[in-house]
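This report concerns only the one structure given below.
The values are calculated or read from the model by the stated rules, or taken from the named source; none is laboratory data. What you are looking at is a predicted structure, and each value in this text was computed from that prediction instead of being measured. Positions of Cβ are generated from backbone atoms using ideal geometry, with glycine treated the same way; all protein chains shown enter the neighbour counts.
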Amino acid sequence: FRVLQLMPGIGPSAAAQIVEPMTTALDEAMGLAGWRPPQRAADDWPGFVSLYSGLRAGAKWPADLEQIRLWYEPHLERIHEDATTRRADLLQLEQIGSGYASRERFLTELTLDPPDATSDQAGPPHRDEDYLILSTIHSAKGQEWKNVFVLNTVDGCIPADLGVGTKEDIEEERRLLYVAMTRAKDNLNLVMPQRFFPHGQAARGDRHLYASRTRFIPASILAAFQQVSWPSAQAAQGRAARPEVRVDIGARMRGMWK
């Protein structure tokens with residue numbers, strides 16, 4: 001149904017009319033060959049019927065990939081402006097497919113691990129390419145990034161307060177922190193908030209709890225880390241002292257009643 005619409009003069013309505021007799025015919029290829037195409041698709045129709053009949057007859061893998069690509073390329077150039085880039089992707093797909101013993105194996109692997117990049121030519125950088133990836137530690141397994149920030153490296157988060165029931169649970173939490181730290185290629189930042197503000201207080205409430213560094217980074221190995229606070233002590237000292245303002249609340253209250 002989708003491939004039929006690649007040919008000129010065949011839209012969703014015409015494609016549906018073609019597919020219907022194919023489902024009722026003894027042979028799908030015979031039902032396809034018996035349909036009279038619109039005038040705009042007349043030149044492309046015999047080649048499509050021949051290709052489809054050959055595939056139904058049992059084309060060999062991966063030779064059928066090449067046959068399909070050769071049929072598709074003229075339509076690719078007609079439909080898409082970036083036909084050269086898309087053709088390179090198809091050639092790459094064809095090359096990858098030749099490394100699998102069967103079509104079934106190839107489709108299974110492609111479904112489980114789909115490609116996430118194309119062979120498009122490199123161009124000038126865009127701001128859209130400067131982005132931040134948010135990931136859980138479990139989803140980060142097998143990944144690697146240039147800069148990694150691990151948030152909330154405090155007890156209660158790493159290890160989680162629900163993951164310290166047994167020794168095995170604690171070791172699993174330790175492995176998770178190891179996974180998170182080893183995702184960094186160049187720079188690793190373990191972020192430890194100084195305090196947490198609990199819920200259930202006013203919008204500007206200052207009720208808070210102090211955080212404790214994760215037990216997986218004891219004081220004995222702190223020398224291996226560069227400790228940085230924000231704002232830095234030098235920046236805090238360089239700030240101009242705020243003028244002390246005294247307000248006589250009593251006098252102001254008495255003045256309201258005069």
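Please determine, by comparing only the residues of the range 52-87 that are hydrophobic (A, V, I, L, M, F, W, C) and over 23 Å from M30 (Cβ atoms), which one is surrounded by the most Cβ atoms within 10 Å (Cβ to Cβ).
L65
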Fill in the blank from the handout: Cβ pairs under 6 Å, 6+ apart or interchain, first in the range 63-88 and assigned by TED's automatic domain parsing to the domain that holds Y52, second surrounded by 15 or more Cβ atoms within 10 Å (Cβ to Cβ) and β-branched (V, I, T), ordered by first then second residue, are none
Fill in the blank from the handout: By residue number, the members of the range 29-51 that are charged (D, E, K, R) and crowded, with 16+ Cβ neighbours inside 10 Å are D44
Practice task
Mind listing whichever residues of the range 208-253 are surrounded by 10 or more Cβ atoms within 10 Å (Cβ to Cβ), at pLDDT 80 or above and either over 30 Å from I170 (Cβ atoms) or aromatic (F, W, Y) (or both)?
Solution key: F216, F225
Problem - Identity of the residue in the range 185-207, in contact (Cβ under 8 Å) with a residue 40 or more places away in the chain and surrounded by 11 or more Cβ atoms within 10 Å (Cβ to Cβ), that ends up farthest from K167 (Cα to Cα) - result: K185
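Where in the range 1-66 are there helices (runs of 4 or more DSSP H), lying wholly inside it, with at least 1 residues that are at pLDDT 85 or above and within 39 Å of the chain's Cα centre (by Cα)? Step through it out loud before you land on a result.
Working: elements: 12-24, 28-33, 45-56.
Output list reads 12-24, 45-56.
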Fill in the blank from the handout: If we keep only residues of the range 1-22 that are under 15 Å from G47 (Cα atoms) and not hydrophobic (A, V, I, L, M, F, W, C), then the residue surrounded by the most Cβ atoms within 10 Å (Cβ to Cβ) is P8
Problem - In the range 145-166, the residues that are modelled with pLDDT of 90 or more and loosely packed, with under 11 Cβ neighbours inside 10 Å - result: K146
Problem - Residue check, L134 surrounded by fewer than 12 Cβ atoms within 10 Å (Cβ to Cβ), under 18 Å from the mean Cα position of the chain (by Cα) and modelled with pLDDT of 65 or more - result: yes
